[in-house]
Amino acid sequence: MRKPQKRGVAGGVAPVLACVLLSCLAGCGADGIDTAQLERDWESYPSEHFVLYFPLNSPRLSRMAEFAATCEEISTHVCRVLQVTPDQPIRLFMFNSDAQCDSLLGREAGFVDNGKIVMRIGQHPGGYIARAICRLIDRKATRLPLLEAGMFQLYAQPEVNVHAETFGFERQNRFVPLGDLADTTIEKDPAVYSAEAASFCAFLLANYGPERFKSLWSSPEGLAESITKIYGAELGNFEQEWRKYYRRETGRT
């Protein structure tokens, strides 16, 4: 793919996050969503690892270069962290409004599927880009949703200190033990779940590196068994190491 073209657009990355953080990226999933017509009928803007599609006469056009640059910056960082090299462009469908997105797709946006992303207008694109890149690890979602939720949250709100949030939940006696956090049958407070999952993913990557993280992502087993096989630790002890890590990152002991 060719790099973003400059079309007389002024300004840097910041304006796009204020004006176009909105991007709707569309997927073609089991529910029958088909974006082929949008690819044919809409205009497109190719960048290094993305193809941005948008309606004809879209008001977003003037900010397309900045938005592409923002996506490339996020993508480059996530790929460097995970040591993943994208081998295909991610298709990203830009909508003028939430209503337009829902009317054309027939469903609420907010998923990644088959090299395409769908997200709500107004959200930071980082979480969806991180999720899409993570799925390049084995071409599918992990069997440990905790990891996907964590990587999404790390990049969806990069200004949030997830370690401080996790420590705060611990002080409030709202902390969810790691085993329960990974148990999909247990209902959890979404705010606690997303913060803890993000803190845990950051702990794994910072202390053990991307290769073992990718092995955990691809593991066919549960969290406890996977931690033992991949990290050589019992789940309870591993949780204590994580707790020490986020306390240090928060300036606590």
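The values are calculated or read from the model by the stated rules, or taken from the named source; none is laboratory data. Nothing here was measured: the structure is a model prediction, and the numbers come from that model. With ideal geometry, Cβ positions are generated from the backbone for all residues, glycine too; neighbour counts draw on all protein chains shown.
Would it be correct to say that PHE152 is assigned by TED's automatic domain parsing to the domain that holds PRO210, of a type in the set (Phe, Trp, Tyr) and modelled with pLDDT under 95?
Working: assigned by TED's automatic domain parsing to the domain that holds PRO210: yes; of a type in the set (Phe, Trp, Tyr): yes; modelled with pLDDT under 95: yes.
Yes; evaluated as a whole, the condition is true for this residue.
Would you mind finding the one in ARG7, ARG91 that is modelled with pLDDT under 80 and not assigned by TED's automatic domain parsing to the domain that holds SER215? Can you show your working first?
Numbers: ARG91 fails: modelled with pLDDT under 80.
Exactly one residue qualifies, and that residue is ARG7.
Could you check THR76 against (1) crowded, with 20+ Cβ neighbours inside 10 Å; (2) at pLDDT 85 or above; (3) of a type in the set (Val, Ile, Thr) and say which number it fails?
Unmet for THR76, out of (1) crowded, with 20+ Cβ neighbours inside 10 Å; (2) at pLDDT 85 or above; (3) of a type in the set (Val, Ile, Thr): (1).
Is one or more of the residues making up segment 153-168 in contact with a His (Cβ under 9 Å, 6 or more places away or on another chain), within 19 Å of ALA233 (Cα to Cα) and assigned to a helix (DSSP H, G or I)?
For segment 153-168, residues in contact with a His (Cβ under 9 Å, 6 or more places away or on another chain), within 19 Å of ALA233 (Cα to Cα) and assigned to a helix (DSSP H, G or I): absent.
I need every pair where a residue in segment 66-93 that is free of Cβ contacts under 8 Å to residues at least 60 places away in the same chain has its Cβ under 7 Å from the Cβ of a residue that is crowded, with 22+ Cβ neighbours inside 10 Å and among the aromatic types (Phe, Trp, Tyr), sequence separation at least 6 or different chains.
CYS71/PHE50
Those residues that are of a type in the set (S, T, N, Q), surrounded by fewer than 18 Cβ atoms within 10 Å (Cβ to Cβ) and under 25 Å from the mean Cα position of the chain (by Cα), I need them from segment 208-249; list them, please. Break it down stepwise before answering.
Restricting attention to segment 208-249, the residues satisfying the condition of being of a type in the set (S, T, N, Q) are 215, 218-219, 226, 228, 237, 240.
Checking which are surrounded by fewer than 18 Cβ atoms within 10 Å (Cβ to Cβ) leaves us with 215, 218, 228, 237, 240.
Scanning segment 208-249 gives SER215, SER218.
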